[in-house]
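S.K.: Quick one: the structure is below, questions incoming.
Any read-out appearing in this document is the output of simple, stated calculations on the displayed coordinates, not a laboratory observation. As the structure is a computational prediction, the values presented were derived from the model and not from experiment. Here the Cβ positions follow ideal geometry from the backbone for every residue, glycine too, while neighbour counts run over all protein chains shown.
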């Protein structure tokens with residue numbers, strides 16, 4: 001399910017995935033196939049980790065990487081879940097065919 005709600009977005013962020021919703025900054029973004037693919041990858045990640053553990057691991061990895069990089073945006077871009085989504089977002093069928101727990105591959109890269 002896709003929801004448009006512009007008031008929760010900070011700076012350049014335009015999409016957010018909160019199981020089972022994809023939340024977008026504006027309705028025109030529904031047509032952005034790459035963004036929608038990216039967010040669908042996150043839905044798959046959340047589903048396979050039974051939602052709550054996904055958020056715990058995501059936050060923990062962001063905190064650790066923020067301490068390593070001393071840069072919260074760089075930390076965000078290097079979270080394994082984000083690495084997987086960014087690397088595969090242009091393959092519009094990736095989320096349909098991805099192997100479970102594939103984000104693990106991106107932890108040490």
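S.K.: Sort 39, 87 by Cβ crowding within 10 Å, fewest neighbours at the top.
M.R.: 87, 39
S.K.: Would you mind giving the average projected area, over all directions, of the Cα convex hull of the chain in nm² with one decimal?
M.R.: Its average projected convex-hull area is 6.7 nm².
S.K.: If you don't mind, there's one more thing I want to ask. Quick check: from the Cα gyration tensor, does the range 18-77 come out rounded (a/c under 1.5), prolate or oblate?
M.R.: Oblate is the answer for the range 18-77, as a/c is 1.5 or above yet b/c matches or exceeds a/b.
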